[in-house]
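Below is one structure, written out as structure tokens; comments come after it.
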Amino acid sequence: MIATPAPLATINATAIRVLCREIGAVNTARFLNQFSTGFGNYTEERDQILGEPTVEELVTEIQQRRRKRSRSRKSSRKPTGLAKAVRRTAGRRRS
């Protein structure tokens, strides 16, 4: 028996109908998204958004973020029960 190949558009439409029926529309969309290549030029868009910083600029930004994070951690620290107990007994001498 010789099968006549169907047009790709017909095969795609049938496959999408079968997928929707078997796994649902959301999972069909998720499945099909695996095969899309997207659009646009990521490299050009990234350069427009981020620019082209030097290594020194990147290092400076990292250091600033670390300092900021360190300050926010120090200001938000509150002693826990154990820390309070240690502080209370730290000044006492053991007999």
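Between residue 62 and residue 12, what length in nm is gained on full extension when 0.36 nm per residue of separation is reduced by their alpha carbon distance? List each step's numbers first, then the result.
Details: separation 50, 0.36 × 50 = 18.00 nm, distance 4.89 nm.
Once the chain is fully extended between residue 62 and residue 12, it gains 13.1 nm.
Beta carbons within 10 angstrom, averaged per residue: use that to sort the peptides 49-56, 14-21, 63-70, highest first. Please report the intermediate quantities before stating the final value.
On the way: 49-56: 8.2, 14-21: 12.5, 63-70: 10.0.
Put in order of decreasing packing, that is 14-21, 63-70, 49-56.
Taking loop as defined by DSSP and a crowding limit of 16 other beta carbons within 10 Å, which chymotrypsin sites (Phe, Trp or Tyr not before Pro) in the range 1-74 fit? Walk me through the numbers before you get to the answer.
Working: sites: 31, 35, 39, 42; in loops: 35, 39.
Those that pass, being in a loop and sparsely packed, are 35, 39.
Only the coordinates and a few stated rules stand behind these numbers; no lab work does. The shown structure was predicted, so the numbers you read here are calculated from the model rather than taken from an experiment. Neighbour counts are summed over all protein chains in view; Cβ atoms, including those assigned to glycine, are modelled from backbone coordinates with ideal geometry.
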